[in-house]
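Computed from the coordinates by the stated procedures, all read-outs in this text should not be read as laboratory data. Not measured: the values here are computed from a predicted model. Cβ placement follows ideal geometry from the backbone for every residue including glycine, while neighbour counts extend to all protein chains displayed.
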Amino acid sequence: MHLKYESQLREPLVYGEKTYHNVTEDIVRPIEAKPSKLWYIGFYIAVSLLLFGVYSVYRDVTYGIGQWNLNKTIGWGWDITNFVWWVGIGHAGTLISAILLLFRQGWRTGVNRAAEAMTIFAVMCAGQFPVWHMGRVWMAFFVFPYANTRGPLWLNFNSPLLWDVFAISTYFTVSLLFWYSGLLPDLATVRDRAKTKLRKYFYGVASFGWSGSTKHWQRHESLSLVLAGLSTPLVLSVHTIVSFDFATSVVPGWHTTIFPPYFVAGAVFSGFAMVQSLMLIVRKVFGMQDYITIGHIEAMNKVIVTTGSIVGVAYLTELFMGWYSQNKYEGYTFWYSRANLFSPYGWSYWGMMACNVLSPQIFWFKKLRRNLYVTFFMSVIVNIGMWFERFVIIVTSLYRDYLPSSWSVYYSPTIWEIGFYLGTFGLFFTCFFLFSKYFPVIAIAEIKYVLKTTGENYKEKMVHLEAVDASVFGHSGHGHTIVDNESSN
Amino acid sequence: MSSSITIKEQFEIPGKLKTWAFALMGVGLLALIAGFATKTGTEEERAVFIGTIMYNTIFWTLITNASMFFIAVTTLAMGGWQQSFRRIPEAISTMVPIFGAITLVVLLYIAFTGNHHIYHWLDTKSVETDEVLRGKSGFLNVKFFTIWTILAIGLWSLLGWRMRQLSNEADEERMDTEKGNSFIWRNTVRAALFIVWFALTVGSTVPWLWMMSIDAHWYSTMYSWYTFASSFVSGMSLIALWVIYLKNKGYLEYTNQEHLHDLGKFMFAFSIFWAYLWFSQYMLIWYSNQPEETIYFKNRVQGPYKGLFFLNLIINFISPLLIFMKRSSKRNYTLVTFMAILIIFGHWIDFYQMVMGSISKETVTLGWLDFGILSFFIGLMIFFVSKALASKPLVPKYHPFLKESIIHHT
């Protein structure tokens, strides 16, 4: 037998008197019950937003991009800002599933399922922007490299925009597979408990005939490992390539070598903020306080303060190099256009600094990390800040570059640009509400995996191990004797 | 359940190791003297001579400081697995004040003798006539250089020392929950202080000031993170080497293949991370193809440094990628030893081309002097690290997370 031990100094990851059966009950119950009124209200709001978005996009397709306030100088505005913002949010899921899995972080089990789902929905939202931005969207298939009759009109493989197509579609595919293969055992659990025929059929099909045999588990484990291995570089590659959209150019404020890692850090930052917002709602609405504990929230706040500070170092590095390079165009962009509060867009730069760098610093304090209201407020602030970041990068670099005669007038979005953005919120939350109703929002099987090491009632049984001398741990062949002695007492 | 089983936890420095340390230092000193006698005729030669010492001392300061970074980060992450061998990175980090002092002397010597063959910005005449250099003089000046260098090295040493002091408490007596919590809390605070200072120095200003400013006109925002990645992966390799050495001598009973495997994962992952930063920096500069940026790579890719440039990639990226991909290779003591040496050597080459590629643009000077000075630093490191290892128990017996480390499964 393998010794289950964890230091008493660590908080339990699962609270309450829990057996395997309790875990199943707690997590599957919301799926089997009728949704609450709150759920319906939220769902209808989401669908309405989605419909508004659909109409906004309809206007864009029918009348063209002229429906937006983009102009010759500011060719990218809200659209690409929103695209990068959503892709960034889509980073936390894979980071939690893959990288935290490799780092053996047990707390990931409480939030990984919802985070992965969120990733998929966020990437779906992100994908809308470049597609509809094409204007003639019926030509969208031109982005695929296939043998065609358009003669020399072949894809430009040198363009980072095309790399984006590959990067994001790969990321989406792997995230989807990871999420779904993790769901299989849990869907089978729901199937086995089903009381209605329809439910049995639906979850039966969805769980691909999972029987829970050793062979299934064995394959499941190896598949998870392979997918984790594939996802880990993907966590870095997607936002790296998104950063290339800007950094390969020679536009001041865009061409800077630190962009790839700094974009990745920012993406993780905003992704965790979004997970935080969602998980706080989920734990309240579905009563999951035993599984999504304050300890989980605190751990995520630590990630937020870390990545926020990394992003802060990157901002200051850029700002410093804007001066140090003594390149007047870079200097102009950074010091006169962005960091100058009284320039037309100065407010957005300082909004970004305040939300992303300064405000997360409050999470150095344990009390604030563990405060739910502060956490929720901060999670929203961080996502506003990360939206500002993309807006600052895109718009403030474009509206005034090398040629003052092309400098643009102030850019503000039309109602249809805003509508499109709101529509993606609608899409995101519609999907999330459906997910939370029909799928287990917490990975049941994975919670069971950590339960006997980190569950509150199991940890209480381990207290005596604290008094055991460390050398016994080393000599007992991973604790056989300790456990045996205890059980025979 | 008594603790009657005694384990070998007090390191005694073998005579042979001491002999090796002295021999290496001796070789180094001979090389230094011979280099001083034969390679300091012209100003250019002097710049190469000092530059050779300079990149070695910066390299060793940063890779030993990486050990304290490792301790601080794992402390903040509430890591348990590293406790069984944490005294090794602690011992390595005692080198920071020693190598740091050498670095300080070398850098200040360059700054105060105005050696503008190394730091072009020290040439007052050029600065007067060169608009760019004049613009940068608020950062690139002797005063700031001196103050910041002293502060950086001083605070790394001080904050690292405070971390190690705290670690001694884990040798004293068993901690109950309350005491354990307070111990972990104080560790966290000290680690956080170290990390913040680390970010403000290694993560940003120090590599700009010490190394990037050799090419006084050139700049790259990635430079410091790149330097960090290079020094961190070598630092992890150095930890792995000492762990294996002590294992071979029969110490570190609680540390086993599981821990080695995780160290190997760090070496593997951060080799790829280094390559990622390398690629990001190189590709973006190559793609936009602006002369003021490509100049840095001109002599490195197309000039005399071409061979080293590709060797750097092969050693530091291709070989760890291929060799460490397999699980079994990360659990093999011989292979990890080989890879650790290879990675440290590879990043030493990386530092060589970063510094010397800028000081001696037209000729690659890599030769006996470089290896001689390298052996001096290795000797010094062996001497002091083994002393530090012998100064306290190898296992923090009462560390609250030690038991987690003992039963660690990767």
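Some observations on this one:
- Each Lys and Arg Cβ is given +1 and each Asp and Glu Cβ -1; about its Cα centre, the protein assembly as shown then shows a dipole of about 1520 debye.
- Among the chymotrypsin sites (Phe, Trp or Tyr not before Pro) within region B:328-410, not one is in coil by DSSP while having at most 15 neighbouring Cβ atoms inside 10 Å.
- Among A:S222, A:S436, B:S288, the ranking by other beta carbons within 10 Å of each residue's beta carbon, starting with the fewest, stands as A:S222, B:S288, A:S436.
- Residues of region A:390-406 with amide N under 17 Å of the 7 Å Cα→Cβ point at A:Y336: A:396-406
- Euclidean distance of C-alpha centroids, region B:245-285 and region A:354-397, integer Å: 33
- Net charge of Cβ neighbours under 14 Å - reference A:V282; Lys, Arg +1; Asp, Glu -1: +2
- Extension gain from B:T40 to B:A23, taking 0.36 nm per residue of separation minus the Cα-Cα distance: 3.6 nm
- Once the Cα atoms are used to define both axes, helix A:197-206 deviates from the longest principal axis of chain A by about 70 degrees.
- Stokes-Einstein D for the protein assembly as shown, Kirkwood Rh over Cα pairs, 25 °C, 0.890 mPa s (µm²/s): 83
- Coupling constants for region A:396-407 follow from the phi torsions by the Karplus curve (6.51 cos²θ - 1.76 cosθ + 1.60, θ = phi - 60°), and in residue order they are 6, 7, 7, 6, 9, 10, 4, 10, x, 5, 9, 4 Hz; glycine and proline get x.
- Charge tally for A:L368 (other residues, Cβ to Cβ under 15 Å; Lys, Arg +1; Asp, Glu -1): +4.
- Computed label-point distance, nm, for sites A:S159 and B:N256 using a 7 Å Cα→Cβ extension: 5.7
- For chain B, calculated [θ]222 nm from helices alone, where every DSSP H run of n ≥ 4 adds -39500 (n - 2.57): -23000 deg cm²/dmol
- Ranking of A:F43, A:F166 by count of other Cβ atoms within 10 Å, fewest first: A:F166, A:F43
- Span from the region B:348-410 Cα centroid across to the region B:12-33 one, whole angstrom: 15
- Within region B:31-396, the proportion of Cα pairs with more than 36 Å between them is 22 percent.
- Across region B:221-340 the C-alpha pair distances fall into 10 Å bins from zero in the proportions 13, 38, 27, 15, 6, 1 percent.
- Extension gain (nm, one decimal) between A:H21 and A:S36, 0.36 nm per residue minus Cα-Cα: 3.0 nm
- All distinct Cα pairs of region B:195-249 go into the 1/r average, and the inverse of that average, the Kirkwood radius, is 12.7 Å.
- Relative contact order of region B:31-396, pairs being alpha-carbon contacts under 8 Å that are 6 or more residues apart, as %: 28
- Förster radius 51 Å - calculated FRET efficiency between B:I33 and A:V250 (Cβ-Cβ, nearest 0.05): 0.50
- Here the residues B:D130, B:D350, A:D186, ranked from fewest to most Cβ neighbours within 10 Å of their Cβ, fall in the order B:D130, A:D186, B:D350.
- Taking every C-alpha pair closer than 8 Å and separated by at least 6 residues, the mean separation divided by the residue count of chain A gives a relative contact order of 33 percent.
- Computed label-point distance, nm, for sites A:K215 and A:Y201 using a 7 Å Cα→Cβ extension: 2.9
- Lysines whose Cα lies under 28 Å from that of A:K328, excluding same-chain neighbours fewer than 8 positions away: A:K72, B:K125, B:K136, B:K143, B:K298, B:K361
- Neighbours of A:F473, meaning other residues whose beta-carbon lies under 12 angstrom from its beta-carbon, give a summed charge of -2 when Lys and Arg score +1 and Asp and Glu score -1.
- Against chain A, whose longest principal axis comes from its Cα atoms, helix A:415-438 is set at around 10 degrees.
- Choice from B:S386, B:S329, B:S237 showing the highest fluctuation, given a GNM over chain B with Cα pairs closer than 10 Å: B:S329
- Helix runs (DSSP H) in chain B reaching 18 Å along axis by Cα, Kyte-Doolittle at least -1.0: B:15-38, B:43-76, B:95-112, B:142-167, B:177-200, B:223-248, B:257-288, B:333-359, B:368-390
- Qualifying lysines (Cα of each under 24 Å from Cα of B:K326; at least 8 residues distant if same chain): A:K215, B:K247, B:K265
- C-alpha long axis of helix A:444-454 to longest principal axis of chain A, angle in °: 60
- Selected from B:V385, B:V233, B:V27 as most flexible by GNM, with chain B as the system and alpha-carbon contacts under 10 Å: B:V27
- From the alpha carbon centroid of region B:192-212 to that of region A:202-219 is 51 Å.
- Net charge dipole, region B:313-410: roughly 600 debye, given to the nearest 20, about the Cα centre with Cβ charges of +1 for Lys and Arg and -1 for Asp and Glu.
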